[in-house]
1. Go through (1) closer than 26 Å to A:G290 by Cβ; (2) more than 10 Å from RNA strand B (Cβ to nearest atom) for A:S517 and report which single condition fails.
2. Of the residues that make up segment A:295-304, is at least one over 29 Å from A:Y191 (Cα atoms), surrounded by fewer than 18 Cβ atoms within 10 Å (Cβ to Cβ) and of a type in the set (K, R)?
3. Applying the selection to segment A:528-557, what residues are assigned to a loop (DSSP other than H, G, I, E, B), in contact with a strand residue (DSSP E or B) (Cβ under 6 Å, 6 or more places away or on another chain) and within 16 Å of RNA strand B (Cβ to nearest atom)?
4. Can you name the residue in segment A:455-482 that is more than 15 Å from RNA strand B (Cβ to nearest atom) and part of a loop (DSSP other than H, G, I, E, B) and is also surrounded by the most Cβ atoms within 10 Å (Cβ to Cβ) among such residues?
5. For segment A:142-151, give me each residue that is surrounded by 14 or more Cβ atoms within 10 Å (Cβ to Cβ) and more than 13 Å from RNA strand B (Cβ to nearest atom).
6. Residues that are within 30 Å of the chain's Cα centre (by Cα) and in contact (Cβ under 8 Å) with a residue 24 or more places away in the chain: find the strands (runs of 3 or more DSSP E) completely inside segment A:331-427 holding 2 or more of those.
7. Exactly one of these conditions fails for A:G519: (1) in contact (Cβ under 8 Å) with a residue 40 or more places away in the chain; (2) of a type in the set (G, A, S); (3) out of contact with any strand residue (DSSP E or B) (no Cβ under 8 Å at 6 or more places or on another chain). Give me its number.
8. Quick one: in segment A:12-42, which of the residues that are farther than 21 Å from A:C97 by Cα and crowded, with 20+ Cβ neighbours inside 10 Å is farthest from the chain's Cα centre (by Cα)?
Amino acid sequence: MSEEKKSLNFIEQIIEDDLANGVKKENLRFRFPPEPNGYLHIGHTKAIGISFGLGEKYNAPVNLRFDDTNPAKEEQEYVDAIKEDVAWLGYKWENECYSSDYFQQLYDWAIQLIKDGKAYVDSQSSEEMAKQKGTPTTVGVASPYRDRSVEDNLDLFTKMKNGEFEEGSHVLRAKIDMSSPNMLLRDPLMYRILKKSHHRTGNDWVIYPMYDWTHGESDYIEQISHSLCSLEFKPHRDLYNWFRDNVYVYSKENYPLAPKQREFSRLNLSYTIMSKRKLLRLVEEGIVSGWDDPRMPTISGLRRRGYTPAAIRNFIETVGVSKRENIIDVALLEFKIREDLNKKANRVMGVLNPVKLVITNYPENKEEILIAENNPELEEAGSREVPFSGELYIEREDFKEEANRKYFRLTIGKEVRLKNGYIIKGESCSKDEEGNITEIHCTYDPLSKSGSGTEESKRKVKGTLHWVSIKHAVEAEVRVYDRLFSDEAPDAHKDKDYMSFINPNSLKIIKAFVEPSLGKAKVGERFQFQRLGYFNVDRDTNSEKLIFNKIVGLRDTWTKKSK
RNA sequence: AAACCUGUAGUGUAAUGGUUAGCAUACAAGACUUUGACUCUUGUGGUAUAGGUUCAAAUCCUAUCAGGUUUACCA
């Protein structure tokens, strides 16, 4: 067996060090903790891939936990969508958890902190508190309520919980350090009053715990060993530890293991945005058709576009884990889907920009069945039958009356092969009054049929064209996508709104003709349209209309060069 | 400005003080080709800057520069 040394990323290194320093392998436990306030996007896939990937690597459980502490933003719809997306990516979670399941435990711990003089009720407005908080360079000042008695705090907090106060009138704060250089330690809020119905707890609670108070303690309750999150939470780590260490002394019998938080850089993709809030705006303003619009960087959008879980997971694997800011070239994502589909997708023929081709010496009314290989990369994919006749569609770009030697396609007097069929020779063409070509005439070599074994069939011609027989063709709608934004980093400009970079031509709807075998194609099925790209059957397809999404084009060195 | 974090080919990442700084992608050239695809071969291109420690520095130290994060009753 070849011992290939695989380098560890910095998180794996931390875990290996912990293991070496006494952490037991069976106590390794991870979690992916989305807030159900939107759809997951490709950026989340990195976080998912890291935690679930570690779970697979160390054979450790990974929880899916919904961080649902803000009923104003969260909905069941999002919970369902997130579960679907994570499952589709192929990850299995150990437990489905909700922070809201821990509200009572959190409340009990809060009471203990109050009793120990470590938390107090503040009755000022948020503006007043913000003013007292100071700035990173100037220390904060204490709230006039900071030294309330334990009895008063207990009484007020109980009344908060019982709904006796209005929203905004009181909050519970941790008593830490108003002069800390870390702003998060300047007596952070633990609870606020929110008289809103929660998608799971209904109206049971009118006080809701804040992120910092909830998140770390949820990790602790679930006995997560390594709580992995993105870099913007780095300053929260001190607070994470403060809450954890204070609660630990109350509950170490029940919860003996203390989790640790570590941070990695989030993923950014070129030519798109990665913020739920900003993506929501695209949906709400009708720029896209929904969260799963095939142009969206959401997992559901990529799924509908035709991306495979394998391609996305390979992408994440290749991207790696570090603490550097990054913008990953979307070309890498495109490479990964091509790489995957090149192995898996059957080859078919479809013409997106048709022009009529007539084979003048082909017997009138004759039809033939040609045999076409489904996938040269995959022998067991077998072959299929494709009907052929004397009247075909080919791509308009595949014919020029005359062209230089670099043009491998059909011209007057030159030969090309029709894929899986015959060698033809351009003879003439007819045009309308504006000079547009309406019909191309050619002759064919009857002995040159593909696979016939004749001398003529083995002749080499430089170009090969895809085609469909007009008589047998199936009409289809093809949705061709371009990037949603014209700028590489649309939301990285201080002086310009990302909406100003919207690409107005990100969707083109085309009437195309495809080979008849595709009449049976099922929703979601993926194909390579030879010489064009990869396509899948959109779920809008019905018995009257066949609809394809263009997933990605083939690598194209020709049009690039000829530009 | 303060504190903290981060700087390795265009992009992403590896090298855990010790070969000529590796890999992927992108780009370019060529071979092959019944897909101008795939595959294969080759090439261009990099340690932010300046000092220091050391037999030896991408790696350790210092300074500088650049970028990021934090100053929500969001997460």
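1. All conditions pass for A:S517, except number (1).
2. Within segment A:295-304, the subset over 29 Å from A:Y191 (Cα atoms) is A:295-304.
Of the ones still in play, those that are also surrounded by fewer than 18 Cβ atoms within 10 Å (Cβ to Cβ) are none.
No, segment A:295-304 contains no residue that is over 29 Å from A:Y191 (Cα atoms), surrounded by fewer than 18 Cβ atoms within 10 Å (Cβ to Cβ) and of a type in the set (K, R).
3. Passing the criteria: A:Q530, A:L554.
4. Step one: of segment A:455-482, the residues more than 15 Å from RNA strand B (Cβ to nearest atom) are A:469-482.
Retained after the next criterion (residues that are part of a loop (DSSP other than H, G, I, E, B)): A:470-473, A:482.
On the way: A:I470: 17, A:K471: 14, A:H472: 17, A:A473: 24, A:D482: 15.
Restricting to residues being more than 15 Å from RNA strand B (Cβ to nearest atom) and part of a loop (DSSP other than H, G, I, E, B), the top hit is A:A473.
5. Narrowing segment A:142-151 to residues surrounded by 14 or more Cβ atoms within 10 Å (Cβ to Cβ): A:143, A:145-146, A:148.
Matches in segment A:142-151: A:R146, A:R148.
6. On the way: elements: A:346-348, A:354-359, A:367-373, A:383-389, A:391-395, A:415-418.
Hits in segment A:331-427: A:346-348.
7. (3)
8. Just the residues of segment A:12-42 that are farther than 21 Å from A:C97 by Cα, to begin with: A:12-25, A:42.
Keeping just the survivors that are crowded, with 20+ Cβ neighbours inside 10 Å gives A:15, A:42.
Numbers: A:I15: 27, A:I42: 3 Å.
Of everything passing the filter in segment A:12-42, A:I15 is farthest from the chain's Cα centre (by Cα).
Here, each number is a calculation from the coordinates, and none is a lab measurement. None of these values were measured; they are calculated from a predicted model. Quick reminder, even Gly has a Cβ in these numbers, built from the backbone with ideal geometry, and neighbours come from all protein chains shown.
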